[in-house]
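Reviewing the structure listed below.
The values are calculated or read from the model by the stated rules, or taken from the named source; none is laboratory data. Nothing here was measured: the structure is a model prediction, and the numbers come from that model. With ideal geometry, Cβ positions are generated from the backbone for all residues, glycine too; neighbour counts draw on all protein chains shown.
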Amino acid sequence: MSFVMIATGATSCSQVRTLSVRALLTGGALAALLLLGTGAALGYWLAPASAPATQQLAAQERPHAALPFALEQLGALSGRLFRLESEAAQLSKRIGVLKKDKPTEPAKAPGSGGPMLPPVADLDALDEQLARIEQQIALVSDATSEHHLDVMRQPSRWPIPGADMVSTFGNREDPFTHHKAFHSGIDFAAQAGTPIHATAGGTVAFAGFRPDFGWMVEIDHGNGLSTRYAHASRLLVKAGAVVAPGEQVATVGSTGRSTGPHLHYEVLRHGGHLDPRAYLASR
């Protein structure tokens, strides 16, 4: 079998050429082999150029695989450090309050300082030191809280700020009989209606009327310590109420065995009368 091709030229006559099937197949095979060889040569030439880029990309991806874990650990440690700084600041404020509450006695604050932390890269050692610091702060916080509660229960505040003491604790001349008698508290001069404040925090043990004291409030501060506020014109708390230091509990009056508006103030320990001046802070 053969193919007939007719070639026509502008200056020549038409020519008739005959091509066999074998010649066509041979030419196609040669063309295919040429294409395959060209592709192989291109692949061999391009492979070395692309290999470094691929290796570089893989090298860049390997460190990033461990990056989220390291960031998570550093974030957790940073959070703990922030919390420790906040707790230390709160302790400083509370210690400052204690100094204001007891100006005559210097507050025993813990020494300042801390360990020298290793590089951040040593996460295990840093975590152990943070745990020790947290434990120390927890111990100081508990001790400070207990001390602060003790101070809150001490009747060291004045029931009427700025008022003058007109009658002290101990034996005196009774204003009604004019004979010597024991005065179980101290009297503060004030106009009727003047606010009366709790000298310490505690629970109201009694709020009502008694013939000698008139309208009176008694506050239990714990450990057998209590205070009384007598001759009031009006009571602002009821029995069982919890009061904070400085909270208003009554107003000045002249009820009961009284010659005029004033506050009769008492401090008792297990039922025995104490001189309130031993507890009152200096003005």
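Worth a mention:
- Residue within the range 205-212 that is among the hydrophobic types (A, V, I, L, M, F, W, C) and more than 23 Å from residue 154 (Cβ to Cβ) present: yes
Each row is one residue, and each column tells you yes or no for (1) touching a strand residue (DSSP E or B) at 6+ places or on another chain (Cβ under 8 Å); (2) among the small types (Gly, Ala, Ser).
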| site | (1), (2) |
| --- | --- |
| 215 | yes, no |
| 218 | yes, no |
| 228 | yes, no |
| 232 | yes, yes |
| 251 | yes, no |
| 263 | yes, no |
| 271 | no, yes |
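- Leading residue by the ranking (modelled with the lowest pLDDT) among those in the range 177-234 that are under 35 Å from the mean Cα position of the chain (by Cα), closer than 19 Å to residue 277 by Cβ and part of a loop (DSSP other than H, G, I, E, B): 200
- Scanning the range 235-256 for residues that are in contact with a helix residue (DSSP H, G or I) (Cβ under 9 Å, 6 or more places away or on another chain), surrounded by fewer than 18 Cβ atoms within 10 Å (Cβ to Cβ) and not in a strand (DSSP E or B) turns up at least one hit.
- Scanning the range 258-279 for residues that are crowded, with 16+ Cβ neighbours inside 10 Å, in a loop (DSSP other than H, G, I, E, B) and over 39 Å from the mean Cα position of the chain (by Cα) returns 258, 261.
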